[in-house]
Amino acid sequence: MKNQLCESFGFEHPIVLAPMAGVVSPELVAAVSNSGGLGLAPLWRFSVDDLRKYIHDIKALTDRPFGVNLNLEHPSEAQLDACLEEGVAVISLFWGRPGNLIARAKAGNAKVIYSAGDAQAAKHAADLGADAICAQGWEAGGHVFGKVATMPLIPSIVDAIGPSIPVIAAGGIADGRGLAAALALGASAAWIGTRFLAAEEAWTHPDYLQHLFIASENDTEYCENLFDIGWPDAPHRALKNSTIELWDKAGRPSSGSRPSEHEVLAVTDTQKEIVRYQSVSPHRNLTGSIEALSMWSGQGVSMVKRSQPAADIVREIVADARQVISKLPTV
Ligand SMILES: Cc1cc2nc3c(=O)[nH]c(=O)nc-3n(C[C@H](O)[C@H](O)[C@H](O)COP(=O)(O)O)c2cc1C
């Protein structure tokens with residue numbers, strides 16, 4: 001299944017581990033890269049020192065290419081410089097206008113993937129020199145930039161940026177059928193988040209995992225501004241839970257007037273408090289009411305049924321996609 005994107009970025013299978021702040025461990029990034037995919041580490045909340053340490057932890061586990069994900073709404077220049085000094089192969093940029101960061105990353109010999117939610121944003125980044133575009137559909141878990149579903153978004157972006165810049169499809173892809181569909185739509189790889197929350201190497205809290213395992217495709221909700229404490233005005237998709245129910249019953253009031261706002265729901269192992277409506281990925285080091293937190297999830301959650309080593313997830317998706325493609329009716 002190797003293609004032009006894999007060749008130019010130096011990986012084997014068209015599978016990218018979605019960067020997922022708070023729950024992607026160095027072990028998970030390395031496991032995906034070691035199994036032939038591309039691991040991306042979400043390090044935009046990290047200080048430069050912590051970012052370097054995390055990168056060293058990955059390097060101790062793999063010689064394969066991996067990437068670092070930075071958030072354009074946060075100051076990212078010092079983090080980018082540290083990544084380039086560390087020789088990180090791929091920089092993934094999301095949430096905002098790229099400014100000169102694409103050119104800076106490329107000047108430092110990194111490949112750049114820019115995440116876009118529509119064709120206009122994709123074209124803008126392509127014109128600035130992005131090496132690939134992640135097209136994130138509305139089905140995606142976590143923070144969601146656009147309002148277009150993956151199925152129409154991929155061909156739209158493929159047409160807008162032309163054949164020389166590969167597109168990576170994100171949102172609702174959780175198995176080999178989704179990968180095959182993404183390839184058929186013109187994407188060069190799938191960028192997979194929710195399915196990798198169930199990787200054994202992920203830092204996902206066990207209660208969060210249990211809720212993912214029993215959820216159906218109807219059990220997520222897209223909200224403009226609900227889990228906004230710590231990150232306002234950033235639409236997102238999460239599992240329906242008691243916090244969404246509480247807010248719904250109160251008539252969906254806006255921020256500042258919601259029931260039990262700032263109620264402490266959980267604490268970290270270093271006693272940091274997590275409050276209701278906070279934007280947080282439930283990490284296994286939390287204790288408290290995990291169910292009431294922002295349990296980010298994409299609509300592909302019904303395909304996530306059990307924990308597995310990341311390498312098995314990569315292997316299974318590639319094998320299933322091959323089978324799906326080989327069984328398509330010939331015309
Ligand atoms: C728990 C979680 C955390 C996320 N954090 C980030 C992040 O830090 N940076 C980013 O670019 N995208 C983030 N996302 C979005 C993913 O990169 C990706 O677009 C999404 O998971 C794809 O949809 P899927 O979950 O249906 O596979 C996050 C998604 C989840 C589920």
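In terms of solvent-accessible area of protein heavy atoms at a 1.4 angstrom probe, what is the ranking of 258, 315, highest value first?
So, going from the largest accessible area down, we get 315, 258.
Could you work out the per residue convex hull volume over the alpha carbons of the range 196-331, in cubic angstrom?
For the range 196-331, the hull spanned by Cα atoms encloses 131 Å³ per residue.
Suppose each label sits 7 Å from its Cα in the direction of the beta carbon; what would the residue 303-residue 275 distance come out to in nanometres?
Going by the 7 Å Cα→Cβ label model, 3.8 nm.
Taking the Cα centre as origin and putting +1 on Lys and Arg beta-carbons and -1 on Asp and Glu beta-carbons, what dipole magnitude results for the chain, to the nearest 20 debye?
So the magnitude is around 540 debye.
Putting +1 on Lys and Arg Cβ atoms and -1 on Asp and Glu Cβ atoms, find which of 324, 285, 257 reaches farthest to the positive end of the dipole of the range 257-331.
The residue sitting farthest along the positive end of the dipole is 324.
At 222 nm, what value in deg cm²/dmol follows for the chain if DSSP H runs of at least 4 each add -39500 (n - 2.57) and the sum is divided by all its residues, to the nearest 500?
Result for the chain, helices only: -9500 deg cm²/dmol.
If you put +1 on each Lys and Arg Cβ and -1 on each Asp and Glu Cβ, how big is the dipole of the range 80-215 around its Cα centre, in Debye rounded to 20?
Dipole about the Cα centre, nearest 20: 360 debye.
Each label point is 7 Å from the Cα along the Cα-to-Cβ direction; what then is the distance between the points at residue 3 and residue 184, in nm?
1.4 nm
Please give me, ordered by residue number, the trypsin sites (Lys or Arg not before Pro) of the range 94-156 that lie in loop per DSSP and have at most 16 other Cβ atoms within 10 Å.
147
Placing unit charges on C-beta atoms (Lys and Arg positive, Asp and Glu negative, everything else neutral), compute the dipole magnitude of the range 220-296 about its Cα centre in debye, rounded to 20.
100 debye
Counting Lys +1, Arg +1, Asp -1, Glu -1, what net charge surrounds residue 79 among other residues with beta carbon under 14 Å of its beta carbon?
-3
With N set to the residue count of the range 119-246, report its C-alpha Rg divided by 2.2 N^0.38 Å to two decimal places.
Against the compact-globule rule of thumb, the ratio is 1.13.
Determine the per residue accessible area of the range 220-296 with all protein chains present and a 1.4 angstrom probe, expressed in square angstrom.
45 Å²
Need one number: nm distance between label points at residue 245 and residue 287, each 7 Å from Cα along Cα→Cβ, rounded to one decimal.
My value for the distance between the label points is 2.5 nm.
Of all DSSP beta bridges located in the chain, what percent are antiparallel, nearest 5?
30 percent
First obtain the Kirkwood hydrodynamic radius of the range 33-72 from its Cα pairs, then insert it into the Stokes-Einstein equation at 10 °C and 1.306 mPa s, and state the resulting D in µm² per second as a whole number.
Stokes-Einstein gives a translational diffusion coefficient of 150 µm²/s.
Tell me the carbon and sulfur percent of the accessible area for the range 220-296, rounded to whole percent, probe radius 1.4 Å.
48 percent
Longer than 20 Å from Cα to Cα, which of 2/111; 2/53; 147/249 are they? Say none if no pair is.
2/53; 147/249
Would you mind pulling out the separation of the Cα centroids of the range 274-295 and the range 45-106, in Å?
The distance from the Cα centre of the range 274-295 to that of the range 45-106 comes to 26 Å.
Hey, what's the per residue convex hull volume over the C-alpha atoms of the chain, in cubic angstrom?
128 Å³
Going Cα to Cα from residue 106, which aspartates and glutamates come in below 12 Å? Please leave out same-chain ones fewer than 8 positions away.
Within the straight-line limit of under 12 Å, residue 106 reaches these aspartates and glutamates: 81, 131.
How large is ³J(HN,Hα) for each residue in the range 197-203, as worked out from phi by the Karplus curve 6.51 cos²θ - 1.76 cosθ + 1.60 (θ = phi - 60°), to whole Hz, x for Gly and Pro?
Here the 3J(HN,Hα) series is 5, 8, 6, 4, 7, 6, 8 Hz.
Among the complete DSSP H segments of the chain, which ones combine at least 27 Å of alpha-carbon extent along their axis with a mean Kyte-Doolittle hydropathy of 0.0 or more?
Span-like helices, by this rule, are absent here.
The values are calculated or read from the model by the stated rules, or taken from the named source; none is laboratory data. Note that this is a predicted model, so its numbers are computed, not measured. Neighbour counts are summed over all protein chains in view; Cβ atoms, including those assigned to glycine, are modelled from backbone coordinates with ideal geometry. These area figures cover heavy atoms from the full protein model, side chains too; ligands, DNA and RNA do not enter into them. Shrake-Rupley method; radii C 1.70, N 1.55, O 1.52, S 1.80 Å.
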